[in-house]
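Report on the following structure.
The values are calculated or read from the model by the stated rules, or taken from the named source; none is laboratory data. Quantities reported herein were computed from a predicted structural model and do not represent experimental measurements. Methodologically, a virtual Cβ is constructed for each residue, glycine included, from the backbone with ideal geometry; neighbour enumeration extends over all protein chains shown.
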Amino acid sequence: MSKKKLLIFILSVFVLIVSIQGKCNQSAAPKDISVYILEGSEQVRQDAGLFNKHKPAMILKTNNIKKEELIRYNDRGYKLKIDLVRKYADEFNKITSENKGKRLAFVKGTKTLIWPFILGAVTRPVIVLEFSSSGQVAKNIARNFCNSYIFIDKRPFISTVLKKAFELRNKREYNKAIIIIKSTLNKTNNNEERVYLYQQLFLCYWLKKDYGNAAKAYQLLVKQPITLDVTNYNIITQAYDYLIGFANKHGNTKKADYYTKKSINIFKYIINNYPLTSAAQWSNVRIAGIELYDGDIKAAKKRALLAIQGDVKPMGYMLLAGCYEYQDKFKNAEEMYEKIIKDFPNISVGAQGHLNSLKHHKSKVKEDIKKYKRGELFPD
């Protein structure tokens, strides 16, 4: 059975603080923000006048926000980190724990600022929100929560030397590029930067089909002592994905299991600490994929259904189809693939391939599933 490959975007990170605008100015705090509970994203309106008819779940008094940070980690990727006083932390914990699978809408006046999906309870006195936008829109959102905030740019800084290495790599002069990247690694003690450089080193080895040294680069990457968050978890788990496949391919299932557990721990950390972010939703999907591989269909289905409620619906449907295949419910699986093709035409290539296999090569699909259940076939 050909397993579902989850699209992972490489988020390369190390810190460059470019400007500090100061702590939240309480004397000039903007208007308070109403927080509403929504059943789904279809309820969201840019004109939030409809919310006036309903009672908010809570009022976030912006002059009591302790600190706010707006962090940019790629061209359009932003993380908004809001430190709360304990009173609000307890309120957020209560409403998020009671409304898992719904949405929060942060509304100011007649404008909906952001409406994150609730994957789990907010257990810390910190709200972390994640969104994709232009720089000006991101700053406007931050300013609506607090007049003053700290802006941090965590996009990777590409030096002239590294640009030369990447040019050489693009020309397939991999050995020359490797020498430059290794030399740069030897000159930096910044762990975030070293993670980025090991990722680039891996790519050079992988492109030259030196898969053993590619694995060694990723082994060094995952050993770097960095603080995990939504800006860097992807690059770490991507490394574990490769190491899992490499270990399985070489018959080292014990090592593969070790890497799988490490990867799961990272996903759970993201879900528990950043439950209002898209990173948490992708982590939920990734765990569901692992549960599917392990044959824990009940757990995988539960996560797939949660994904369908949120912002990663296509992957939720793909996982659900995979569960149906594992259970030999091929008609149900076909219906899921057909739904993806109909509702998400821009990303339906994978679904179309699986649908074709079920319709025209079902006997092979069935045999692959049997092999997989016997432990004779590993996921791709």
### Query
When you scan region 284-294, how many residues do you find that are of a type in the set (S, T, Y) and modelled with pLDDT of 95 or more?
0
### Task
Say whether the condition of being buried (at least 17 other Cβ atoms within 10 Å of the Cβ), of a type in the set (V, I, T) and over 16 Å from M318 (Cβ atoms) is met by at least one residue in region 273-284.
yes
### Query
E69 is checked against (1) in a strand (DSSP E or B); (2) surrounded by fewer than 16 Cβ atoms within 10 Å (Cβ to Cβ) and fails just one. What number does that condition carry?
(2)
### Count of region 288-342 residues which are basic (K, R) and in contact with a strand residue (DSSP E or B) (Cβ under 6 Å, 6 or more places away or on another chain)
0
### Task
Report yes if D343 is among the charged types (D, E, K, R) and under 20 Å from Q238 (Cα atoms), otherwise no.
no
### Task
Give region 144-160 a look and list any residue that's touching a residue at least 40 places away in the same chain (Cβ under 8 Å), assigned to a loop (DSSP other than H, G, I, E, B) and of a type in the set (S, T, N, Q), or say none.
N147, S148
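Yes/no matrix, rows are residues, columns are (1) over 25 Å from the mean Cα position of the chain (by Cα); (2) over 30 Å from G251 (Cβ atoms); (3) at pLDDT below 90; (4) not in a helix (DSSP H, G or I):
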{"position": "L320", "(1), (2), (3), (4)": "no, yes, no, no"}
{"position": "N332", "(1), (2), (3), (4)": "yes, yes, no, no"}
{"position": "K339", "(1), (2), (3), (4)": "no, yes, no, no"}
{"position": "Q352", "(1), (2), (3), (4)": "no, yes, yes, no"}
#### Entry: Filter pass, K254 being in a helix (DSSP H, G or I), over 19 Å from R72 (Cα atoms) and at pLDDT 95 or above
no
#### Entry: Out of L201, L197, sole residue that is of a type outside the set (K, R), within 19 Å of F157 (Cβ to Cβ), modelled with pLDDT of 95 or more and buried (at least 17 other Cβ atoms within 10 Å of the Cβ)
L201
### Summary
Residues of region 119-143 being out of contact with any strand residue (DSSP E or B) (no Cβ under 8 Å at 6 or more places or on another chain), of a type in the set (K, R) and part of a helix (DSSP H, G or I), in sequence order, are R143
### Summary
By residue number, the members of region 220-231 that are among the polar types (S, T, N, Q) and in contact with a helix residue (DSSP H, G or I) (Cβ under 7 Å, 6 or more places away or on another chain) are Q224
#### Entry: Enumeration of residues in region 41-82 that are out of contact with any Phe, Trp or Tyr (no Cβ under 8 Å at 6 or more places or on another chain), among the aliphatic types (A, V, I, L, M) and at pLDDT 85 or above
I59
### Summary
Across region 179-192, the tally of residues that are of a type outside the set (K, R), under 29 Å from the mean Cα position of the chain (by Cα) and assigned to a helix (DSSP H, G or I) stands at 5
#### Entry: Single condition L276 does not satisfy, out of (1) of a type in the set (A, V, I, L, M, F, W, C); (2) in a loop (DSSP other than H, G, I, E, B); (3) in contact with an Asp or Glu (Cβ under 7 Å, 6 or more places away or on another chain)
(3)
